[in-house]
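Visitor: Before I ask anything, here is the structure I am working with.
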Amino acid sequence: MTKAEVTEIEQQLDGRLLFRVRLAASAGRIEFSIAIQDQGSATLNEKAVLRSTLGLASELAESARLGLE
């Protein structure tokens, strides 16, 4: 099972928030940053980061599939 950890690391002047995302799975670990527009609450911000993470994971999966063909 993959464990996801989301941590806010910076508030930018243009209203964007920068988050660090750490994912740990049996195959390894990865850490990256995602910037989002402030959604108004910590819960909504975390959900936006997780949605962005899912989108990124989907794109990576598709790229990997194409690379294996």
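Just so it is clear, none of the values below were taken in a lab; they were calculated from the coordinates. Every value quoted in this text rests on a predicted model; they were computed, and no experiment measured them. Note that each Cβ is placed from the backbone with ideal geometry, even for glycine, and that neighbours are counted across all protein chains shown.
Visitor: For the range 15-41, enumerate the residues that are more than 19 Å from LYS3 (Cβ to Cβ) and in contact (Cβ under 8 Å) with a residue 12 or more places away in the chain.
Guide: GLY15, ARG16, LEU17, LEU18, ALA35, ILE36, GLN37, ASP38
Visitor: Then there's this: Just to be sure I understand, how many residues within the range 15-69 are part of a helix (DSSP H, G or I), basic (Lys, Arg) and exposed (fewer than 11 other Cβ atoms within 10 Å of the Cβ)? Give the derivation first.
Guide: Filtering the range 15-69 for residues part of a helix (DSSP H, G or I) gives 42-68.
Narrowing further to those that are basic (Lys, Arg): 47, 51, 65.
In the following step, the residues that additionally are exposed (fewer than 11 other Cβ atoms within 10 Å of the Cβ) were identified as 65.
Number of matching residues: 1.
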